1. For the stretch A:4-108, state what percent of all Cα-Cα pairs lands in each successive 10 Å bin, counting from 0 Å until the bin that includes the largest distance.
2. Would you mind getting the accessible area per residue of the stretch A:4-108, heavy atoms of the protein chains only, 1.4 Å probe, in Å²?
3. Say R0 is 22 Å: what FRET efficiency, to the nearest 0.05, do B:SER5 and B:GLN41 get from their beta-carbon distance?
4. Taking all protein chains as present, what is the carbon and sulfur share of the accessible area of the protein assembly as shown, in % to the nearest whole number, probe 1.4 Å?
5. Determine the dipole magnitude for the stretch B:14-100: charges of +1 sit on the beta-carbon of Lys and Arg, -1 on that of Asp and Glu, nothing else is charged, the reference point is the Cα centre, and the result goes in debye to the nearest 20.
6. Give me the accessible area buried between chains A and B, both sides summed, with a 1.4 Å probe, in Å² rounded to the nearest 100.
7. Could you name every residue in the stretch B:83-99 that has 10 Å² or more less accessible surface in the full protein assembly than in its own chain alone (probe 1.4 Å, ligands and nucleic acids excluded)?
8. Using 28 Å as the Cα-Cα cut-off, could you pick out the over-long pairs in A:LYS69/B:LYS7; B:LYS7/B:LYS101; A:LYS51/A:LYS96; A:LYS57/B:LYS7; A:LYS96/B:LYS65; A:LYS69/B:LYS65?
Amino acid sequence: GQQVMQIPQYQHVQEGEDFTTYCNSSTTLSNIQWYKQRPGGHPVFLIQLVKSGEVKKQKRLTFQFGEAKKNSSLHITATQTTDVGTYFCAATGTDKLIFGTGTRLQVFP
Amino acid sequence: SAVISQKPSRDICQRGTSLTIQCQVDSQVTMMFWYRQQPGQSLTLIATANQGSEATYESGFVIDKFPISRPNLTFSTLTVSNMSPEDSSIYLCSVQRGGEKLFFGSGTQLSVL
């Protein structure tokens, strides 16, 4: 079945450093979504990308959808301690969302 | 957005018992989704609950182990039956709004001894 892999699995950064997580699919995606889950919390929707090569920004977060629509990335500029959590990409499968393996981000002050 | 009330928020259960998790949504939705998140892992879809019909289960999940009810368009329950320590996970209900966006309940942290 469809698989969505994310790298890295874990990332520890110093506050102020940048962070990037990558999402890769074995098949072409119709769209990709990104979610953030704070420690002890539930996933919260961040954004959806639909078009090939699309780039969207939310303050310090930049989301990109690959030209071939098989991969996506989330880049955080100048991380803050509030960015701590696990970031999941999610791809639309047959009538359901398939979540990526997730990247856990730890930010040290 | 969606307001989803899920309970209990956590429970510690004995092996062999069952736990029913409830999920209440602030407005009517066609489909409700039940996910499992094992410790440190991603989210895995257990089943999709449709009102008026039987739930659709994903590969690896069966109705006898995870019976689901969907009595109306704002409510669903998931039961974890005959529990074993391997069932220790977070269970999340969710709904779609605004297209394909998923909104989640706060989750149920289940520990089986």
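The values are calculated or read from the model by the stated rules, or taken from the named source; none is laboratory data. Just so it is clear, the model here is predicted, and its values are computed rather than measured. We place every Cβ from the backbone using ideal geometry, glycine too, and count neighbours over all the protein chains shown. Keep in mind that these areas ignore ligands, DNA and RNA; they rest on the heavy atoms of the full protein, side chains included. Shrake-Rupley method; radii C 1.70, N 1.55, O 1.52, S 1.80 Å.
1. Going out from 0 Å in 10 Å bins, the stretch A:4-108 shows 16, 51, 28, 4 percent.
2. In whole numbers, the stretch A:4-108 has 48 Å² accessible per residue.
3. 0.35
4. After summing per-atom areas, the C and S share lands at 49 percent.
5. That gives a dipole near 100 debye.
6. Adding both sides of the contact gives about 1300 Å².
7. B:LEU92
8. A:LYS69/B:LYS7; A:LYS57/B:LYS7; A:LYS69/B:LYS65
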